[in-house]
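A short write-up of the structure that comes next.
The values are calculated or read from the model by the stated rules, or taken from the named source; none is laboratory data. What you are looking at is a predicted structure, and each value in this text was computed from that prediction instead of being measured. We place every Cβ from the backbone using ideal geometry, glycine too, and count neighbours over all the protein chains shown. Note: areas computed on protein heavy atoms with side chains; ligands, DNA, RNA excluded. Shrake-Rupley method; radii C 1.70, N 1.55, O 1.52, S 1.80 Å.
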Amino acid sequence: MALSRLWQYVIAILVFNILSVIVWSLFSKSGFGGNEKYDYLLLAIQWAPGICSQKQCYDPLPTRWTLHGLWPTFDDKRSSPEDCESSCTLDPLSGHLKSEMEEKWPNLYGGDASFWEHEYCKHGTCCTDILSKPTDYFKAALKLLDIASMNNVLSAAGISPNSGKSHSFLSMDNAVSEILKVKNVKYVCAEVNGKQVLTEMRLCVHKSLSFMVCPSKDTGRTCDKSKHFYLLSDDS
């Protein structure tokens, strides 16, 4: 009888230790409570006509590149940190910041406030070492979007929205290198009616909030750069 209780005790200890390792592994992977461990930030900017060619979006569509998010990221193949606060809500934005967010960081599917809260709670809470408040996080992303100056990049590449004309990624890469002085930018595409349509670009950002050359690792769904892409117009 005593021996049986001893084995039960040993098994209970083993189960506890295994569960502890699993929980620690999950929290370590997500970055919970340890947002200083990420290596750089990823600025994701999106082109609404491309995204909304395959999804139902609100009308009218933005006629400029808008923000998807600013994401703390590891420089290896680990999953990036997410949800680094156990409880997170976002106070309503107001004034000039709210107006700028509505223009440059809209939810393409409607409901801006819930989108902003999602992005901050999932990603912004993981970079409070450099952006301590939600407003700091949003203002930094807005400033980076302005610095990226996609109109200048596209002009340098000779690219304008045109659903009937395709472009090479080499021309885009050269323009990004010339204007922003960076390389290894990641592109996200969708297949629409047999065309490779550009929907998003992802640029790497130092913790000092300046653009940097991206590590060579895959930072998400990428396009087939051996093929041309289309930058759809908003009347597609």
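Values as computed for the structure displayed
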quantity	calculated
Summed residue charge, Cβ within 14 Å of residue 167's Cβ, Lys/Arg positive, Asp/Glu negative	+2
Of all accessible heavy-atom area on the range 138-236, the percent that carbon and sulfur account for (1.4 Å)	46
Label point distance in nm, residue 147-residue 98, each placed 7 Å from Cα along Cα→Cβ	2.8
Cα-projected label distance for residue 233 with residue 76, points at 7 Å along beta-carbon direction, nm	4.9
Computed E for residue 114/residue 86 - FRET, C-beta separation, R0 22 angstrom, nearest 0.05	0.65
Local net charge near residue 230, Cβ-Cβ under 9 Å (Lys/Arg +1, Asp/Glu -1)	+2
Three-way shape call for the range 146-225 based on the alpha-carbon gyration tensor, with the a/c threshold at 1.5	oblate
Accessible surface, the range 84-158, averaged per residue in Å² (probe 1.4 Å)	47
Placed amide H near residue 163: partners under 5 Å, 5+ positions off or other chain	233
Percentage relative contact order, the range 84-139, counting C-alpha pairs under 8 Å, at least six apart	45
Anisotropy class of the range 37-127 from Cα gyration tensor, a/c 1.5 cut	oblate
Estimated inter-spin distance, residue 207 and residue 129, nm [label 7 Å along Cα→Cβ]	0.4
